[in-house]
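Notes follow once the structure below has been shown.
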Amino acid sequence: MERIDQIYIDGAFVTPHGDEWFNLFNPATEEVIGQVRLADAEDARRAIAAARRAFPAFSRTTRADRLAMLERMRAAVAAHEDELLEAIVREYGAPAARSRWMASYAHQVIAAAAEVLAHYDFERQAGTARVVMQPLGVAGLITPWNSDAGFICGKLATALAAGCTAVIKPSEMSALQTRIVTQALHEAGLPPGVFNIVTGRGEVVGAEISASPDVAKISFTGSTTVGKAILRAGAETLKRVTLELGGKSPMVVLDDADFATAVPLAVQAGFMNSGQACIAGTRILVPASRKAEFEALLAREVSATKSGDPRDADTAIGPMVSAKQWERVQRYIRLGLSEGARLLVGGEGRPEGMKRGWCVKPTVFTDVRNDMTIAREEIFGPVLSLITYRDEDEAVAIANDTLYGLHAYVVSGDPQRGARVAARLEAGRVLVNTLAHEPKAPFGGFKQSGIGRENGPYGLEAYLEPKAMVVAA
Ligand code: NAD
């Protein structure tokens, strides 16, 4: 049983002022594996004050100084990769391939931020003006549970690359992972106050950070509902805000696609991160003329996809992170049935033979209309909807008929045609015939999937403000 009773403020591990204890679970067994003492609003204020004190000196560091710090952070987080991997499996339940990717992504994303910093032009000319890109101030970084270390490291590395200092509010459900990342970042030996990590409740610590007049910028990844609350809270002090929110991404399978590759691609895109992925391709759009063929292959592929113990090498889908998340997925499966969608594979309850653990059956509904709740709302579990279309125009119309616009996928036998369809989709990122991640590309959403972009120079600029100076001779 782990007891985590420290947060990180001003370069030191300290006991929180907050005194609420929160249980941590192993989602594969439903057992309590630890407890974390949560920070409160007073802790958030102390963390913000430390970041504010550190800002004037840190914002004047040189590119070379910050590159050296980022390299120390990268190396320290990389040195803890195996420990982090174990925490990801225990506390989050990600299966083998995914958990290894997540554990290594945490340091790779720091390297990616360093590379952007190495080549970024902080000064440019605009007519007679010299334009200097200047760091915003203290950044509040609020992250979810579905990729704890990756989000903490990615947001922090970018904020520091820009010259901002930071207060991080990770999910309270990820405290084991956060402790390892915090220890690693501490070992990197950054100046006190440059980053502070306060695990606490969103409506307490997150809300304090979002409303604080001493925080200049919020970068948030999480649900659309909370994103809107943060935007409202930040309005009073006109905070700069980057919001990475939910999605209901279309997987557009064109009529010339080779289903032998399209079906496995759709299954991987739909079930990535056990379905708990903002970019999951949860609406599969197939031509009506080839529906039966696609259904048969999809049913076979999904039936062969194992949902269960993350420590079992054959497992592709691990448990949902919490009982609440499990219940939420079950509710959507019932909703799909009650709205008249037809179950192709899966359904309510745990996978065959499982008595414990928040695992769900990989589920696909067919005969789904795009106006059904299961096609409109983000389920955040391995539940996919198959929707048919008559022609390319209708496929594009259905794909774009959503409040979201984070991601989209197109599969076609002709990459040029795939790219033409991709150009018509309202989404921050579109992948054609691939699931490859491009860390240099901007990441973020259209419509209610968010505001702003992360990654690459676009991500760095989200922490910078242009200052124009005209100096008369
Ligand atoms: P969430 O919105 O409930 O919580 C995210 C974070 O915000 C947590 O740290 C939480 O404690 C905090 N929070 C909650 N209420 C707050 C408030 N009032 N003020 C400030 N902070 C508050 O989301 P979650 O359940 O942790 O994560 C799942 C959601 O995240 C999904 O909707 C998913 O789509 C989204 N997500 C988006 C991306 C992306 O990049 N677009 C990536 C991963 C997850």
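Each reported figure results from applying straightforward, stated rules to the coordinates on display, with no laboratory input. Bear in mind that the values here come from a model prediction, so they are computed numbers and not experimental data. Because the Cβ atoms are built from the backbone with ideal geometry, glycine has one as well, and the counts that use them run over all protein chains shown.
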_Under Karplus coefficients 6.51, -1.76 and 1.60, residue-wise ³J(HN,Hα) of region 246-255 in Hz, glycine/proline x_ = x, x, 9, 6, x, 10, 8, 9, 7, 5
*Calculate the radius of gyration of the Cα atoms of region 224-298 to one decimal place, then report Dmax, the largest Cα-Cα distance, as a whole number, both in Å.*
17.9, 55
*Ordered by packing density, taken as the mean number of other Cβ atoms within 10 Å over each peptide's residues, highest first, how do 225-236, 242-253, 432-443, 267-278 rank?*
242-253, 267-278, 225-236, 432-443
*Enumerate the amide H contacts of ILE218 below 5 Å, restricted to partners 5 or more residues apart or on another chain; note that Pro and chain-start residues carry no placed amide H.*
GLY140, ARG240, VAL241, THR242
*Can you run phi through the Karplus equation (6.51, -1.76, 1.60; θ = phi - 60°) for region 123-137 and list ³J(HN,Hα) in whole Hz, with x for Gly and Pro?*
10, 9, 9, 10, x, 8, 8, 9, 9, 10, 8, 10, x, 6, x
*Between ARG369 and GLU20, with labels modelled 7 Å along Cα→Cβ, what's the label distance in nm to one decimal, could you check?*
4.2
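Only four residue types carry charge here, +1 at the Cβ of Lys and Arg and -1 at the Cβ of Asp and Glu. Report the dipole size of region 11-72 about the Cα centre in Debye, rounded to the nearest 20. Each step should come with its number before you reach the end.
Working: 9 positive and 9 negative charges, 148 e Å.
The dipole magnitude comes to about 720 debye.
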*Take each uninterrupted DSSP H stretch in the chain, measure its Cα extent along the helix axis, and return the ones at 15 Å or beyond whose mean Kyte-Doolittle hydropathy is at least -0.5.*
41-59, 63-79, 96-119, 148-162, 175-187, 224-235, 259-271, 291-303
*Which percent of Cα-Cα pairs in region 250-438 sits in each 5 Å bin, short to long?*
1, 9, 18, 22, 21, 15, 8, 4, 1, 0
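Divide the volume of the convex hull of the Cα atoms of the chain by its number of residues and quote the answer in cubic angstrom per residue. Provide the component values of the computation, followed by the final result.
Numbers: hull volume 67.4 nm³, N = 473.
Enclosed volume per residue, from the Cα hull, is 143 Å³.
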_Label-to-label distance, nm, for residues given as SER223 and ARG328 (7 Å Cα→Cβ offset)_ = 0.5
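Past the 29 Å Cα-Cα mark, which pairs from LYS228/LYS440; LYS169/LYS447; LYS155/LYS324; LYS228/LYS306? Intermediate values should be presented prior to the final figure.
Details: LYS228/LYS440 27 Å; LYS169/LYS447 25 Å; LYS155/LYS324 27 Å; LYS228/LYS306 36 Å.
Check vs 29 Å cut-off fails for LYS228/LYS306.
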*Taking amide hydrogens as modeled 1.01 Å from N in the peptide plane, which residues meet the under 5 Å criterion relative to VAL345, leaving out close sequence neighbours?*
VAL364
*With θ set to phi - 60° and the Karplus curve 6.51 cos²θ - 1.76 cosθ + 1.60, what are the ³J(HN,Hα) couplings of region 18-27 in order, to the nearest whole Hz, using x for Gly and Pro?*
x, 10, 7, 9, 10, 6, 10, 10, 9, x
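What FRET efficiency, computed as 1/(1 + (r/R0)^6) with R0 = 41 Å and r the Cβ-Cβ distance, is obtained for HIS186 and ALA235, rounded to the nearest 0.05? Mind showing how you got there, number by number?
On the way: r = 34 Å, r/R0 = 0.84.
The computed FRET efficiency comes out at 0.75.
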*Cα lying deepest toward the dipole's positive end in the chain, options PRO382, THR363, VAL215, charges on Cβ*: VAL215
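Gain in length, ASP312 to GLU83, computed as 0.36 nm per residue apart minus the alpha-carbon separation, to one decimal in nm?
Values: separation 229, 0.36 × 229 = 82.44 nm, distance 1.85 nm.
Answer, rounded to one decimal: 80.6 nm.
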*Gain on full stretching of the segment that runs from ALA64 to GLU42 - 0.36 nm per residue minus C-alpha separation*: 4.4 nm
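To the nearest 0.05, how large is the calculated FRET efficiency for GLN416 and GLU203 if R₀ is 51 Å and r is the Cβ-Cβ distance?
0.55
With +1 assigned to the C-beta of every Lys and Arg and -1 to the C-beta of every Asp and Glu, and no other charges, what is the dipole magnitude of the chain about the Cα centre in debye, to the nearest 20?
Numbers: 52 positive and 56 negative charges, 158 e Å.
With only Lys, Arg, Asp and Glu charged at Cβ, the dipole is about 760 debye.
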*Which far-off residues, 5 or more places away or on another chain, put their amide H under 5 Å from the one on VAL252, with H placed in the peptide plane?*
LEU285, TYR409, VAL410, VAL411
